[in-house]
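Right, one structure below, let's go through it.
The values are calculated or read from the model by the stated rules, or taken from the named source; none is laboratory data. Computed from a predicted structure; not experimentally measured. Every residue, glycine among them, receives a Cβ derived from its backbone with ideal geometry; neighbour counts consider all protein chains shown.
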Amino acid sequence: MDVILIGFMGSGKTTVSQLLGKLQNKPVLDLDQEIVNQAQMSIPEIFAQKGERYFRDLEHQVLKRTITQNGILATGGGAPMRMDNQKLIINSGAQVVFLQMTTASIVQRITAQAGERPIADHLDVDGLRALQQKRQPVYLHCANLVVQTDNRSPQEIAEQIIKEQK
Ligand code: S3P
């Protein structure tokens, strides 16, 4: 992959990846969408019927299969948490971009899309903040570019990512 977008749920990974693909005329892949295609079930269905372990194993398989392709990859917020996934991401040679966002903005986004994210649906604001704080060092460890995304348009974010490319 040329660019891998990582970050917490609701930080705009999918939207920014699509815009980057358009601006750079590169293929775009969405890890969650690939998982849905492979399982032939929605993400909430996979969690409800097969459990998180099954989802995470599928997520790892799909990451391993797709990471060598060209283009832009939007990951799911939990993907970098597994050590084997961290290794794949860090060793991919891609520009790894952490889209960082405050908890307040995350909560706004996530509550507007209730029912789509099984991990977030049973967490209140404090629970989301705690999960975000737990994941933050892992995102920072994997990334070679950190972009603050609060109050910035996908266009501005995509332009900054392109500007930082070497
Ligand atoms: C998850 C994030 C989701 C999706 C799944 C689990 C997580 O992706 O992979 O619901 O553990 O943070 P988004 O970050 O695109 O919402």
Determine whether Leu20 is over 11 Å from the mean Cα position of the chain (by Cα) and crowded, with 22+ Cβ neighbours inside 10 Å. yes
Candidate set: region 64-80, residues that are within 11 Å of the ligand (Cβ to nearest atom) and in contact with a helix residue (DSSP H, G or I) (Cβ under 6 Å, 6 or more places away or on another chain); chosen: the one nearest to Leu19 (Cα to Cα): Ala74
I'm trying to understand the selection: among the residues of region 44-69, which are more than 19 Å from Phe98 (Cα to Cα) and in a loop (DSSP other than H, G, I, E, B)? Gly51, Thr68, Gln69
Taking region 26-53 on its own, how many of its residues are among the acidic types (Asp, Glu), surrounded by 15 or more Cβ atoms within 10 Å (Cβ to Cβ) and over 14 Å from the mean Cα position of the chain (by Cα)? 0
One residue is enough: does region 81-95 have a residue meeting the conditions closer than 24 Å to Gln40 by Cα, at pLDDT 95 or above and β-branched (Val, Ile, Thr)? no
Looking at region 7-43 only, could you name the residues that are within 13 Å of the ligand (Cβ to nearest atom) and assigned to a loop (DSSP other than H, G, I, E, B)? Gly7, Phe8, Met9, Gly10, Ser11, Gly12, Met41, Ser42
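Just checking, does region 96-110 include any residue being in contact with an Asp or Glu (Cβ under 6 Å, 6 or more places away or on another chain) and of a type in the set (Gly, Ala, Ser)?
Pass one, region 96-110, residues in contact with an Asp or Glu (Cβ under 6 Å, 6 or more places away or on another chain): 101-102, 105.
Those left that are additionally of a type in the set (Gly, Ala, Ser): 105.
Yes, the conditions are met somewhere in region 96-110.
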Cβ-Cβ under 8 Å, sequence separation 6+ or interchain: first residue in region 24-39 and closer than 22 Å to Gly51 by Cβ, partner assigned to a loop (DSSP other than H, G, I, E, B) and of a type in the set (S, T, N, Q). Which pairs? Leu31/Thr75; Val36/Ser42
Quick one: would you say Ile46 is touching a residue at least 24 places away in the same chain (Cβ under 8 Å) and either within 11 Å of the ligand (Cβ to nearest atom) or closer than 15 Å to Gly78 by Cβ (or both)? no
So, Lys26, is that one among the basic types (Lys, Arg) and in contact with a strand residue (DSSP E or B) (Cβ under 7 Å, 6 or more places away or on another chain) or not? yes
Of the residues in region 83-98, how many are under 23 Å from Thr15 (Cα atoms) and either within 13 Å of the ligand (Cβ to nearest atom) or surrounded by fewer than 12 Cβ atoms within 10 Å (Cβ to Cβ) (or both)? 3
